[in-house]
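The next block holds one structure in the form of structure tokens; read it before the comments.
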Amino acid sequence: MQNDISRDIFKLCNLLEDYYEKFLKKYKLKVFDVFILLLIEENEKINQEFIAHETYRSKTLIAQNVNKLVNRGFIEKRVDLEDKRNNLLFLTEKGSEVCQKANKVTNDTNHSLFDGISSFDIQIVKISFRIMIGNLNKINKKLNS
């Protein structure tokens, strides 16, 4: 049964990624790029380290993605006035436009995705996902130590 759940999660992730890739084709962005943009939109005083922590990705990978997004005009880096060693990330107008459209696509997708599922069951899914993410984090920490 657990293998079935893992396969279903994998299928769901692939289907969602395919759906988002169609929307993102116009911007020549990947789903992970938009996830970074959305994190910046949702958080003040955000830096690359925060993004690495939130996405469970290496600082090197995040630096590469951030530099790509800066070079393409979706975000900008500014020195933190409170800590000059730190660069904060901000959306540009172009980045804000992508986030606005991505949020609409996400809302539309969620309505379709959860059609026929009660709000109680959706809460159970959310809680279950958070627990599974925590469990995987523990496993990854053990493997990396």
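Quick note: the coordinates plus some simple rules give every number you see, no bench work behind them. Please read all numbers here as calculations on a predicted model, not as lab measurements. No Cβ is skipped: glycine too gets one built from the backbone with ideal geometry, and neighbour counts run over all protein chains shown.
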For this session: Take the residues in region 83-107 that are over 17 Å from the mean Cα position of the chain (by Cα) and either farther than 20 Å from residue 45 by Cβ or of a type in the set (D, E, K, R) (or both), then tell me which one is surrounded by the most Cβ atoms within 10 Å (Cβ to Cβ).
Result: 94
Exercise. Which of the following residues is at negative phi, part of a helix (DSSP H, G or I) and not small (Gly, Ala, Ser): 89, 38, 81?
Worked result: 38
Problem set entry | For residue 104: the one exception among (1) without any contact (Cβ under 8 Å) to a residue 24 or more places away in the chain; (2) of a type in the set (D, E, K, R); (3) part of a loop (DSSP other than H, G, I, E, B) | (3)
Exercise. When region 53-78 is examined, which residues are found to be aliphatic (A, V, I, L, M), part of a helix (DSSP H, G or I) and either touching a Leu at 6+ places or on another chain (Cβ under 8 Å) or touching a residue at least 60 places away in the same chain (Cβ under 8 Å) (or both)?
Worked result: 66, 69
Problem set entry | Positions within region 107-124 being part of a helix (DSSP H, G or I) and closer than 24 Å to residue 21 by Cα, in sequence order | 107, 108, 109, 110, 111, 112, 113
